[in-house]
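Since the structure comes first, as structure tokens, the remarks are kept for the end.
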Amino acid sequence: MSVTFHPPPRRILVRGVNWLGDAVMTTPALLRLREKFPTAHIALLTPEKLADLWLHHPAVNEIISFRAKESSLSIGKKLRAEKFDLALVLPNSPRSALEVFLAGIPQRIGYARSWRNFFLTQSVASRIGAVKMHKRSVTEIHQLISKTPDVRPKIPPTAHQIHEYLHLAAVLGANPEPLAPALHVTPTELGDAQKRFQIDEKINWFGINSGAEYGPAKRWPADKFLFMAREVAAWTGGWGVILFGGKNDVPMVEKIEREFWSVANQWKFRPKLVNVAGRTSLRELMALLKSCRVLLTNDTGPMHVAAALGTPVVVPFGSTSPELTGPGLPGDSRNVLLKSDAPCSPCFLRECPIDFRCMNGISVERVVTAVIETFKGG
């Protein structure tokens, strides 16, 4: 059921989500909201760490950020001065609903969840077709791997997370049809980042993002990423490799870099490899991801960012589900999402309690083929 407005809201606050990948998946809903209310002032309330993601985004007029330890009372007070007509709360947490309640915003809309419905003026029931990310127990995992044939239920395309956010926007009358997630970097940002990190725009660059914040169960083994770096550098000759990663990934990426050069220094040509792990701002990360011809990555925030910037991605999926949180628009043929036949996948666990068969079952040969085909299609 959609809300009818008389008159339409002039000042809309969207309480954004807290994680990079999730934030990218909200962009279709924000674009649909802008489409529905073209003249409204749309402000996005976002954690400080994600504020720069929204620079130059056509759906957003204003970015309001908050610090990691800032209280709900402080945020509410800050918002109260903005005199918003309407708040759309994208996260499911009690705190996010409390913030807009304390701001005194007259209309507050979000999903109905425990401990927060009192703070909303309209609590939206869970969407038909929504699929929860169920963490499997060790007992359940052993039961699944002992059964033949595979008994896992099929997940429909409409289960993807972008539909959760679109459904909320549709309550305000927006079009619920999916759009591809979209982010924007300017030519100046692109040029500045390439200059700082010596990324020659005349060269084809292959990106590798071997980390994942959530835990090791989401990471294809690092030695396989190393193999791919060497493979691409060796069979292309003129291609370059960019190693991406966050601050916590620096030791792993530096090890990949050292072991790459231990072999590559013996080649007859000098390959091009640039390690930017832990060294980029968010806007620089975006610019460098856009500079890549293709990105090989785990299921993590930069995967979503790259796809939203138009860079094709190749992704080995293990503990998580491409049907629920895959990059880009579901079904986009530019992105290659690889899974093994492990019946316990997706388990949604941080660490594998058995033998990591979901990721070990994705061979480097499959990934090499996927990368080559993606290069050809780019």
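The values are calculated or read from the model by the stated rules, or taken from the named source; none is laboratory data. Computed from a predicted structure; not experimentally measured. Every residue, glycine among them, receives a Cβ derived from its backbone with ideal geometry; neighbour counts consider all protein chains shown.
Table for the structure above
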item: Qualifying residue in the range 233-241 (condition: in contact with a Ser or Thr (Cβ under 9 Å, 6 or more places away or on another chain), under 30 Å from Ser319 (Cα atoms), not basic (Lys, Arg) and not assigned by TED's automatic domain parsing to the domain that holds Leu33); result: no
item: Any hit, the range 186-206, residues being within 21 Å of the chain's Cα centre (by Cα) and either of a type in the set (Val, Ile, Thr) or over 28 Å from Met252 (Cα atoms) (or both); result: yes
item: Among residues of the range 54-72, those that are assigned to a helix (DSSP H, G or I) and farther than 17 Å from Leu20 by Cβ, counted; result: 1
item: Complete set of residues in the range 60-95 that are in contact with an Asp or Glu (Cβ under 9 Å, 6 or more places away or on another chain) and among the β-branched types (Val, Ile, Thr); result: Ile63, Ile64, Ile75, Val89
item: Test for Ala51: is it free of Cβ contacts under 8 Å to residues at least 24 places away in the same chain, in a loop (DSSP other than H, G, I, E, B) and either outside the structural domain of Pro302 (by TED's automatic domain parsing) or surrounded by 18 or more Cβ atoms within 10 Å (Cβ to Cβ) (or both); result: no
item: Residues located in the range 196-230, provided they are buried (at least 17 other Cβ atoms within 10 Å of the Cβ), among the charged types (D, E, K, R) and within 15 Å of Met359 (Cα to Cα); result: Lys218, Arg219, Lys224
item: Conditions (1) in contact (Cβ under 8 Å) with a residue 24 or more places away in the chain; (2) over 24 Å from Glu189 (Cβ atoms): number failed by Ser114; result: (1)
item: Test: residue in the range 259-282 that is assigned by TED's automatic domain parsing to the domain that holds Gln194, within 24 Å of Leu338 (Cα to Cα) and not in a loop (DSSP other than H, G, I, E, B); result: no
item: Residue, surrounded by the fewest Cβ atoms within 10 Å (Cβ to Cβ), within the range 132-181, restricted to residues that are among the basic types (Lys, Arg) and closer than 24 Å to Asn92 by Cβ; result: Lys132
item: Residues that are within 19 Å of Gly76 (Cα to Cα) and either crowded, with 20+ Cβ neighbours inside 10 Å or touching a Leu at 6+ places or on another chain (Cβ under 9 Å) (or both), drawn from the range 38-48; result: Ile42, Ala43, Leu44, Leu45, Thr46
item: Elements of type helices (runs of 4 or more DSSP H) in the range 139-254, at least 2 residues being touching a residue at least 24 places away in the same chain (Cβ under 8 Å) and closer than 25 Å to Glu373 by Cα; result: 222-236
item: Checklist (1) surrounded by 17 or more Cβ atoms within 10 Å (Cβ to Cβ); (2) in a helix (DSSP H, G or I) applied to Glu35, failing item; result: (1)
item: Matching option when the condition is among the small types (Gly, Ala, Ser), assigned by TED's automatic domain parsing to the domain that holds Pro156, closer than 30 Å to Leu324 by Cα and free of Cβ contacts under 8 Å to residues at least 60 places away in the same chain, among Ser123, Ser96; result: Ser123
item: Output for the range 7-32, where each listed residue is modelled with pLDDT under 95 and buried (at least 17 other Cβ atoms within 10 Å of the Cβ); result: Pro9
item: Contacts under 8 angstrom Cβ, first residue in the range 12-31 being closer than 18 Å to Ile109 by Cα, partner surrounded by fewer than 24 Cβ atoms within 10 Å (Cβ to Cβ) and among the charged types (D, E, K, R), 6 or more apart; result: Ile12/Asp85; Leu13/Glu82
item: Unique match (being in contact (Cβ under 8 Å) with a residue 12 or more places away in the chain, surrounded by 20 or more Cβ atoms within 10 Å (Cβ to Cβ), assigned to a loop (DSSP other than H, G, I, E, B) and not assigned by TED's automatic domain parsing to the domain that holds Leu285) among Ile105, Ile75, Ile109; result: Ile105
